[in-house]
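Enquirer: Dumping the structure here so I can ask a few things about it.
The values are calculated or read from the model by the stated rules, or taken from the named source; none is laboratory data. Remember, predicted model here, so these are calculated numbers, not experimental data. Note that we place each Cβ from the backbone using ideal geometry, even for glycine, and neighbour counts take in every protein chain shown. These area figures cover heavy atoms from the full protein model, side chains too; ligands, DNA and RNA do not enter into them. Shrake-Rupley method; radii C 1.70, N 1.55, O 1.52, S 1.80 Å.
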Amino acid sequence: MTHRLLVTGIGTLLTGRIDAPIAEADAVLVEDGKVAAIGDASDLDGEGPVLDVNGATLAPGLVDDHVHPVLGDYTPRQHQANYLEGFVHGGVTTVISAGEVHTPGRPKDREGTKALAVLAAKSFRTVRPSGARVHAGALLLEEGLTEQDFRDLAVQGVHLVGEIGISGVQDPDTAAQMTAWAQAAGMTVTAHVGGKSVPTSRTIDAEFVVAVRPDVAAHVNGGPTATGIEDVERILVETDAYVELVHNGNVRAARDVATLVAERGELHRLLIGTDSPAGTGVVPLGVLRTLSWISALAGIPAPEALAAASGNTTTARRVAGGVIEVGAPADLIVTDAPDGSRADDFCGALAAGDTPAIAAVVVDGKVVVAKSRNTPPPKRVPRLPEG
Ligand SMILES: [Zn+2]
């Protein structure tokens, strides 16, 4: 039997696609966990449960491009349980690992670092906190890894290389060689950018990124300490890397980077993450807050800002989700201006610098959050399907 959900009453439909961020439609039909049709409520088959969003905004579930998970929904870094579930209450339905660096006793030899990546990748395929998709098992580069290792790991489902600069390989020549091997095996590679995050990590500037050629230049607004804007400009000019902004960074640098990327007409290269857990803690609304920074402080229109935290990231990471289009996983958020905001809707709330309200979250076509425990209540309260 087909499992259906009809989403009606959509005030604004944001697609997560940077090249077409708004769709003219007031209804979305979901079948068997995937978006089956987008259009006018009168044209879509109304059989089955209905989620009436009551004029609120429907958007793809957010993607956090920078999390350091370990195993399960627990982080030893801040001794905190159920933090990923908390992210879902902040609208995040997909999480990208930047490396399982906080694993107690993390092995730093060749076999150990491979084993950790395989374990985390395979474990999180079945661990889905409140439905969230956690792409974990981001290989941390250590001396001695061979080209064959990257091929073998790819076969095991490892498709990410964690932040270069926080593990053993810190010299640019070795990092560049391993990056090329990883990319040839189909992996996407992330490099830490900016000041040291912990005493054993390395300060990384544009010179390193130009030499190593990662897919993603992580937290160019600092993780937590920002590099200079001239370094970010050099990365944009001399490489094809995506540039990532994180909540655990410098707010002023986030504004400056977003402004620069927009001026260059390259908003498709902008990604958003939290870099959690970090010394600043675990912030369940970190992605929403970073969106409000770039919208309110850098003037990035909310629909485009949202793409930086959804479709841009799934494109960069070559994973499913992050968009509302036919055939995509039905990972959706119902969002709105928070009650009491001077703004009237989600886009207005971001532009005003408010943290929007998450009114409901849908993963694989099923309502997983009916009322966010972390955001304020929305102005428009959706009517949920019965049962
Ligand atoms: Zn970092």
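Enquirer: Within the group ALA258, ALA217, which residue is within 11 Å of the ligand (Cβ to nearest atom), modelled with pLDDT of 95 or more and not acidic (Asp, Glu)?
Expert: So the residue among ALA258, ALA217 that is within 11 Å of the ligand (Cβ to nearest atom), modelled with pLDDT of 95 or more and not acidic (Asp, Glu) is ALA217.
Enquirer: Let me ask something additional. What strands (runs of 3 or more DSSP E) completely inside segment 16-91 contain at least 2 residues that are away from the ligand (no atom under 16 Å from the Cβ) and in contact with a Gly (Cβ under 8 Å, 6 or more places away or on another chain)?
Expert: In segment 16-91, 27-31, 34-39, 57-60, 62-67 are the strands (runs of 3 or more DSSP E) which contain 2 or more residues that are away from the ligand (no atom under 16 Å from the Cβ) and in contact with a Gly (Cβ under 8 Å, 6 or more places away or on another chain).
Each row is one residue, and each column tells you yes or no for (1) more than 17 Å from the chain's Cα centre (by Cα); (2) surrounded by fewer than 22 Cβ atoms within 10 Å (Cβ to Cβ).
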position	(1), (2)
PRO301	yes, yes
ALA305	no, no
ARG317	no, no
PRO338	yes, yes
SER341	yes, yes
PHE346	yes, no
ALA352	yes, yes
PRO382	yes, no
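Enquirer: I'd like to know if segment 228-235 contains one or more residues that are basic (Lys, Arg), more than 18 Å from the chain's Cα centre (by Cα) and within 20 Å of PRO214 (Cα to Cα).
Expert: Scanning segment 228-235 turns up at least one residue that is basic (Lys, Arg), more than 18 Å from the chain's Cα centre (by Cα) and within 20 Å of PRO214 (Cα to Cα).
Enquirer: Name, by its number, the condition in (1) within 22 Å of VAL63 (Cβ to Cβ); (2) at pLDDT 95 or above that does not hold for ILE166.
Expert: Here ILE166 meets the rest and fails (2).
Enquirer: Same structure, new question: Can you name every residue in segment 237-274 that is more than 19 Å from VAL212 (Cβ to Cβ) and in a loop (DSSP other than H, G, I, E, B)?
Expert: HIS247, ASN248, GLY249, ASN250, ARG264, GLY265, GLU266, THR274
Enquirer: With the condition being open to solvent by 20 Å² or more (accessible area, probe 1.4 Å) and in the same structural domain as HIS66 (by TED's automatic domain parsing), I'd like the strands (runs of 3 or more DSSP E) fully within segment 118-236 carrying at least 1 qualifying residues.
Expert: Filter on segment 118-236 gives 133-135.
Enquirer: Among the residues of segment 261-297 satisfying the criterion of being out of contact with any Phe, Trp or Tyr (no Cβ under 7 Å at 6 or more places or on another chain) and farther than 29 Å from GLN78 by Cβ, which is most open to solvent (accessible area, probe 1.4 Å)?
Expert: Checked segment 261-297; the qualifying residue most open to solvent (accessible area, probe 1.4 Å) is GLU263.
Enquirer: Taking THR203 as meeting all but one of (1) farther than 12 Å from LEU141 by Cβ; (2) of a type in the set (S, T, N, Q); (3) at pLDDT 95 or above, write down the number of the exception.
Expert: Of everything listed in (1) farther than 12 Å from LEU141 by Cβ; (2) of a type in the set (S, T, N, Q); (3) at pLDDT 95 or above, THR203 misses just condition (3).
Enquirer: Kindly provide the set of residues from segment 18-48 that are under 21 Å from ASP336 (Cβ atoms) and either open to solvent by 50 Å² or more (accessible area, probe 1.4 Å) or not assigned by TED's automatic domain parsing to the domain that holds VAL363 (or both), ordered by number.
Expert: ILE22, GLU24, ASP26, ILE38, listed by residue number.
Enquirer: Do you know which of the residues in segment 354-370 that are open to solvent by 10 Å² or more (accessible area, probe 1.4 Å) and part of a loop (DSSP other than H, G, I, E, B) is nearest to GLY86 (Cα to Cα)?
Expert: Ranking the candidates gives ALA370 first.
Enquirer: Just to be sure I understand, how many residues within segment 244-256 are more than 22 Å from GLY91 (Cβ to Cβ) and open to solvent by less than 10 Å² (accessible area, probe 1.4 Å)?
Expert: The qualifying residues number 0.
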